[in-house]
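S.K.: To start, I am sharing the structure in question, which I have written as structure tokens.
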Amino acid sequence: MLEQLTRYDTKLRQLEQKDRRRRLCANAGIDFSSNDYLGLASCPRMAAGTMAALERGVPLGAGGSRLLRGNHEEHEALEAEAAAFFGSERVLYFGSGYAANLAVLSTLPQRGDLVLHDALIHASAHAGIKAGRAQAMAVRHNDAEACEEAIQRWRQGGGIGTPWIVVESLYSMDGDRAPLQDLLAVADRHDGFLFVDEAHASGVWGLDGRGFAAGLEGRENVLVLHTCGKALGMSGAFVAADAVLLDYLVNHAKPFIYSTAPSPLQAASLREVLRILRDEPERRQRLHRLIHLADQLSAGLLGTSSGSQIQPVVVGSNGRAVRLADRLRRDGFDVRAIRPPTVPAGTARLRISITCNVDEDDVRSLFDHLAVALAEISS
């Protein structure tokens, strides 16, 4: 046992030497690191809605999996309302986005199928693909033509199953968008499925915050994941898809079958979130104004901008990214360093997240301090 602990400690020290060791740290400073894009996590209306649910007797805990006694009327009401909101035939609610990606990608693609995934998809999608039985292949980032070519080569090599194209609509580390219409056209031509993770678009982009895939939902060959732990201010995730696909998940997806159901109280709170998205467009409007300002400041300082609430500052070196983040935190800004393996080697960065938890003066001040830090910390 002691020998094994020593091996773990050695590996941790190796991470330390590469400036890649992760540590938990307390939240401090102005929020430029969270995914609480609309400021709903501490919204008074959310708190009031949650208290009202408690007062009408909604329980804190589910008491079991959804297939046992854990299925509550709040789960079913939430799923029905989310399906109507996003324009899908049906929605299935999971406890986390990670669990949802794991469930879909380990269960639906079958042996003999081909999963083509964007090179920059989230770790949870990788975990699901690895746990599944289908052949998998990474394709160039945001390149629909690469998907087309890969499917053609697979068919020519004897592939007879179903192709699955797996992408994010808005990428969490670069803030850029997928060419969803082009990708869907590829899926259509080859009788395939398109699976879109809207984690960072849900609540922020599209009519009422329905995301970039809003016009695609309801199609039999499109599945969309909407996480609830980012702009929606809570936790969990919706998988929106054809009812047959979701019923198959209920019957075969181990992350769903063998997990305790999410809190019914949380489901009730998310019902209030959907109402807020409809009732308060000013939240998105304010966020988009802040994004526009950040784009202007980033373009002026760095020569690049993302056009989204995710503003990457790629510096290359792990150590420089850590030192820059530490400097900004000392200056009163909560900015975090992102290093491999979360991002490709040599692309360590600061990930600046724009949310409704800040104002225009905060954004300007951050970029002023960032300019000084970049000049002083050159390596």
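S.K.: Which shape class, rounded, prolate or oblate, goes with the stretch 1-138 when its Cα gyration tensor gives a ≥ b ≥ c as root eigenvalues, a/c under 1.5 marks rounded, and past that a/b bigger than b/c marks prolate?
M.R.: oblate
S.K.: Still on this structure, I have one more. Considering Cα pairs under 8 angstrom that are at least six residues apart, work out the relative contact order of the stretch 219-270 and quote it in whole percent.
M.R.: 30 percent
S.K.: Return the distance in nm (one decimal) between the two label points of a simple spin-label model at LEU54 and TYR248, each offset 7 Å from Cα along Cα→Cβ.
M.R.: The modelled label-to-label distance comes out at 4.2 nm.
S.K.: Distance from the Cα centre of the stretch 195-247 to that of the stretch 1-56, in angstrom?
M.R.: So the separation of the two Cα centres works out to 24 Å.
S.K.: Which FRET efficiency value, to the nearest 0.05, do you get for ASP361 and ILE160 by plugging their Cβ-Cβ distance into 1/(1 + (r/R0)^6) with R0 = 45 Å? Let's see the in-between values first.
M.R.: Values: r = 60 Å, r/R0 = 1.33.
Given R0 = 45 Å and the Cβ-Cβ separation, E is 0.15.
S.K.: Mind grabbing the accessible area of VAL115 for me, 1.4 Å probe, Å², rounded to tens?
M.R.: Taking all protein chains as shown, VAL115 has close to 0 Å².
S.K.: Compute, for MET137, the solvent-accessible surface of its heavy atoms (probe 1.4 Å) with the complete set of protein chains present, and express it in square angstrom to the nearest 10.
M.R.: Its heavy atoms expose roughly 60 Å² to the probe.
S.K.: Using unit Cβ charges (K, R positive; D, E negative) and no other charged atoms, how large, in debye to the nearest 20, is the dipole of the chain about its Cα centre? Can you show the working numbers first?
M.R.: Numbers: 42 positive and 46 negative charges, 282 e Å.
So the dipole magnitude of the chain works out to roughly 1360 debye.
S.K.: Provide the net charge surrounding GLN135, with neighbours chosen by a C-beta distance below 13 Å and charges set as Lys +1, Arg +1, Asp -1, Glu -1.
M.R.: +4
S.K.: Relative contact order for the chain using alpha-carbon pairs under 8 Å, separation at least 6, rounded to a whole percent? Don't skip to the answer; put the middle values down first.
M.R.: Numbers: 741 pairs, mean separation 90.9, N = 379.
Computed value for the chain: 24 percent relative contact order.
S.K.: Still on this structure, I have one more. What nm distance separates the two modelled labels at ALA80 and GLN4, each placed 7 Å from Cα along Cα→Cβ?
M.R.: Each label point lies 7 Å from its Cα, and together they span 5.0 nm.
S.K.: Given a 10 angstrom Cα cut-off, can you work out which residue in GLU89, GLU16, GLU198 is the most mobile in a GNM of the chain?
M.R.: GLU16
S.K.: Next question. In what order, largest first, do TYR98, TYR248, TYR258, TYR93 sit by accessible area if the probe radius is 1.4 Å? Intermediate results must be reported in sequence, preceding the final value.
M.R.: Numbers: TYR98 115, TYR248 80, TYR258 175, TYR93 0 Å².
The residues order as TYR258, TYR98, TYR248, TYR93, largest area first.
S.K.: For the chain, what does the helix formula give at 222 nm: sum of -39500 (n - 2.57) over DSSP H segments with n ≥ 4, over the residue count, nearest 500 deg cm²/dmol?
M.R.: On the way: 13 runs with 167 residues, N = 379.
About -14000 deg cm²/dmol.
S.K.: Using a 1.4 Å probe on the protein chains only, how many percent of the accessible area of the stretch 35-169 belongs to carbon and sulfur?
M.R.: Working: 3220 of 6010 Å².
C and S atoms contribute 54 percent here.
S.K.: For the full complex of protein chains and a 1.4 angstrom probe, list SER378, SER317 by accessible area with the highest value first.
M.R.: Descending accessible area places them as SER378, SER317.
S.K.: Further question on the same structure: Could you pull the accessible area for THR355 with a 1.4 Å probe, rounded to 10 Å²?
M.R.: Rounded to the nearest 10, that gives 0 Å².
S.K.: Whole Å is fine, so just give me how far the alpha carbon centre of the stretch 91-130 lies from that of the stretch 303-371.
M.R.: Here the answer is 29 Å between Cα centres.
S.K.: Hydropathy first: keep DSSP H helices in the chain averaging at least -1.0 on Kyte-Doolittle, then drop any whose Cα extent along the axis falls short of 27 Å, and list what survives.
M.R.: Details: long enough: 281-302 (31 Å, -0.47).
The answer, listed by residue number, is 281-302.
The values are calculated or read from the model by the stated rules, or taken from the named source; none is laboratory data. Everything numeric in this text was worked out from a predicted model, so none of it was measured. Every residue, glycine among them, receives a Cβ derived from its backbone with ideal geometry; neighbour counts consider all protein chains shown. Side chains are part of the model used for accessible areas, which takes the heavy atoms of the whole protein and leaves out ligands, DNA and RNA. Shrake-Rupley method; radii C 1.70, N 1.55, O 1.52, S 1.80 Å.
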